[in-house]
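Quick notes on the structure that follows.
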Amino acid sequence: MCYLLLFRDRAHHREVLASQLWEQGSSSTVKKNLRQVLWQVNSALLHTNQSPGIEILLIDSDWIQVNVKADYWLDVAEFERAYHSVTGKKGFELSQSEAQRLATAVQLYRGHLLEGWYHGWCVYERERLHNIYLVMLDKLLGFSAEGQHYDAGLYFGALALRSDPARERTHRRLMRLHYLSGHRSSALRQYEVCCAALRDELGVEPTYTTKRLYEDICQERTDAVAFHRFISPRAEKANEDVATQIRRLQTTIDYVQDQLTQLKRTLPP
């Protein structure tokens, strides 16, 4: 059901769907599994459907898909709509209503998608939704900083770091917010937290950009700190490419290890 809802914009052929959900097993076995699961899902939906006569799933002998006319609410759909509504806008360009919509949407993200599942399709969707979450938090952080809503910005930044502790760009933004809100010591402590996270998570040192901001704060160069947000996002992204590649590699390693564990369990003693 999760798979169908995540890919709700198209119909799915039974054989393709079965091979996606059961990567191992004979054709007859996975088809039987699919028939049994569809019966179970339909039985459960009969007790939850609020629109009798309008089925949530459309199923025939070859194809399965979510009915676009069905009456249901999906957190992922609302989450993605909020994201697409501000695509191409920087945080400081958001209107109050757009920022409020993003703030509501990020509350829907309460953890990684289907944690503990390592199917290929799930790993990809988990990473995609996680990246969307971080982008929306970045926009909210930028909106808060522009409006000098420092407490709100610190809150959104903390959410981002809880999800990705080694996100260096977010550490820099929090350093800036702490300093501009009059808490220089907190800004300096944030730098120490950043150094520790990068060392523990990735085994690297902060980039030149982060070190320069730290020096500006130490030397009380207020103008330099205040205008730090005008650093090119493209330059910031280039500095973080290595960290992103490391995280993706770790995700792939986790998936391969899980597959090896499952294979070992199938081997005869």
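Brief remarks on what is shown
- Residue match in the stretch 73-96 (condition: in contact with a Pro (Cβ under 9 Å, 6 or more places away or on another chain), at negative phi and touching a residue at least 12 places away in the same chain (Cβ under 8 Å)): yes
Every residue, every condition in (1) closer than 29 Å to L4 by Cα; (2) surrounded by 20 or more Cβ atoms within 10 Å (Cβ to Cβ); (3) of a type outside the set (F, W, Y), yes or no:
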{"position": "G91", "(1), (2), (3)": "no, yes, yes"}
{"position": "S95", "(1), (2), (3)": "no, no, yes"}
{"position": "Q100", "(1), (2), (3)": "no, no, yes"}
{"position": "H119", "(1), (2), (3)": "yes, no, yes"}
{"position": "R126", "(1), (2), (3)": "yes, no, yes"}
{"position": "L129", "(1), (2), (3)": "yes, no, yes"}
{"position": "M136", "(1), (2), (3)": "yes, yes, yes"}
{"position": "L141", "(1), (2), (3)": "no, yes, yes"}
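- Residues of the stretch 157-196 satisfying the condition of being within 19 Å of the chain's Cα centre (by Cα) and of a type in the set (A, V, I, L, M): A158, L159, A160, L161, A166
- The residues on offer are T252, T207, T244, and the sole one that is of a type in the set (S, T, N, Q), modelled with pLDDT of 65 or more and exposed (fewer than 15 other Cβ atoms within 10 Å of the Cβ) is T252.
- Test for L159: is it at pLDDT 95 or above, closer than 30 Å to E80 by Cβ and touching a Phe, Trp or Tyr at 6+ places or on another chain (Cβ under 6 Å): no
- Scanning the stretch 214-241 for residues that are touching a helix residue (DSSP H, G or I) at 6+ places or on another chain (Cβ under 6 Å) and at pLDDT 75 or above gives Y214, D216, I217, A224, V225.
- Of the helices (runs of 4 or more DSSP H) contained entirely in the stretch 16-107, those carrying at least 2 residues that are of a type in the set (A, V, I, L, M), within 30 Å of L263 (Cα to Cα) and not assigned by TED's automatic domain parsing to the domain that holds L137 fall at 27-46.
- The requirement of being basic (K, R) and farther than 30 Å from H149 by Cβ is fulfilled nowhere in the stretch 78-92; no residue meets it.
- Applying the criterion of being β-branched (V, I, T) and under 30 Å from K139 (Cβ atoms) to the residues of the stretch 25-82, the residue that is surrounded by the fewest Cβ atoms within 10 Å (Cβ to Cβ) is V68.
- Residue match in the stretch 178-199 (condition: in contact with a helix residue (DSSP H, G or I) (Cβ under 8 Å, 6 or more places away or on another chain) and among the acidic types (D, E)): no
The values are calculated or read from the model by the stated rules, or taken from the named source; none is laboratory data. All of these numbers come straight from a predicted model, not from anything done at the bench. Counting neighbours? That spans all protein chains shown, and the Cβs are built from the backbone with ideal geometry, glycine included.
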